[in-house]
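Asks: Handing you a structure now.
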Amino acid sequence: MRQWRGLAALGLLAQVAAAPVVTTPAPGPVRVIGSGLGCIAGAVRLPDAAPGLQTVRLGKSTFWGHPEVLANILLLGQRAKAAGLPDLYMGDLSGPRGGPIPGGHASHQRGLDADVYLDVVAPHPVLPLAQRENIEPPSLVRRDGRGIEPTRWRPEHVVLLKLATQLPLVDRVLVNAAIKKQLCDTVTGDRSWLHLVRPWYGHASHMHISFRCPAGQPECKNLPPPPADEDCGANLQWWFTRLDAKPGPTKPESKPPPPPKPPAACAAIMAAP
Ligand SMILES: [Zn+2]
């Protein structure tokens, strides 16, 4: 998720800027801590190339996660490749120990999230790392936010989104509301996976995959489950009616609330040698 404005209001940007740069995972057994804010010990890093996927924008991104999450992502690459899709471009996962990461993410703190670019049209030969730095797939959403960009939308996007919802540990997949609407309007046959695709801000050129707490992680809390129905009705419509709303009067400047505190156990994980 990218929520610059919300984070700025919470004062989190300053917190991110002040955080020491940690480049190694915390040692010890794997521990996932927190519900949204949080951290991870024993994280592992996604390889820069694996069957069906490549990391991109390495100078701006971070690729650490829970081992089971990485296994799910590697499985997604294999399944995408078997389905004839080009290599998936992988964006941010989490930092080596979780916690806040640059880039305006409000999540990605526990090794349980992954961004995958929705760029499945042209082949993606494996590039040297330096040449992956400036890859910036285009938006799939019209400038007015009310629908997908028809010149860019392909059946392969549906294939990829469905594959993401079928991963063993997936919790939900976040995309722009216009992409969810396109699925609601056009998917035929099996629609049992649509409820796991959730409308969100941004996410016009990438999807965000959230994974559930892996087994044996008592300090990890899951989000409430997504609705069981397709969710193609009033809730989805809200995302478009909000585009019609006129901006209200701006509030007088007030002191932002203090940033939410990460779980106490994360301080030791961040400080571990
Ligand atoms: Zn994300």
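Asks: How much accessible area per residue does the chain have, counting only protein heavy atoms and a probe of 1.4 Å, in square angstrom?
Replies: Per-residue accessible area for the chain comes out at 49 Å².
Asks: For the stretch 108-160, just the Cα set please: Rg and Dmax, both in angstrom.
Replies: Cα only, the stretch 108-160: 13.9, 37 Å (Rg, Dmax).
Asks: Could you list log10 I(q)/I(0) for the chain at q = 0.07, 0.08 Å⁻¹, which the Debye formula gives when each Cα is one point scatterer?
Replies: Ignoring solvent entirely, the Cα scatterers give -0.25, -0.33.
Asks: Report, to the nearest whole %, how much of the accessible area of the chain belongs to carbon and sulfur atoms, 1.4 Å probe, protein only.
Replies: The C+S portion of the solvent-accessible surface of the chain is 61 percent.
Asks: Excluding residues fewer than 8 places away in the same chain, name every one of the lysines whose C-alpha is closer than 17 Å to that of Lys162.
Replies: Hits, sequence-local ones excluded: Lys81, Lys180, Lys181.
Asks: Would you calculate the separation in nanometres between label points at Tyr201 and Leu127, each defined as 7 Å from the Cα along the Cα-to-beta-carbon direction?
Replies: According to this spin-label approximation, the distance is 2.9 nm.
Asks: Name the long-range amide H neighbours of Leu88: under 5 Å, sequence gap of 5 or more, or other chain; modelled H, no Pro or chain starts.
Replies: Here Leu53, Gln54 satisfy the definition.
Asks: Just the number, please: percent antiparallel of the DSSP beta bridges in the chain, rounded to the nearest 5.
Replies: Roughly 75 percent of the DSSP beta bridges within the chain come out antiparallel.
Asks: Build a GNM of the chain with springs between Cα atoms under 10 Å: which of Leu161, Leu127, Leu243 gets the top mean-square fluctuation?
Replies: Leu243
Asks: Need the full-extension length gain, Ala228 to Lys60, defined as separation in residues times 0.36 nm minus the C-alpha distance. One decimal, nm.
Replies: Full extension from Ala228 to Lys60 adds 56.9 nm.
Asks: Out of Pro199, Pro155, Pro102, any idea which swings most in a Gaussian network model of the chain, alpha carbons joined below 10 Å?
Replies: Looking only at Pro199, Pro155, Pro102, the largest GNM fluctuation is found for Pro155.
The values are calculated or read from the model by the stated rules, or taken from the named source; none is laboratory data. This is a predicted model, so every value here is computed, not measured. Heads up, the Cβs are rebuilt from the backbone with ideal geometry, glycines too, and the neighbour counts pull from every protein chain shown. Note: accessible area is taken over every heavy atom of the protein model, side chains too, but ligands, DNA and RNA are not part of it. Shrake-Rupley method; radii C 1.70, N 1.55, O 1.52, S 1.80 Å.
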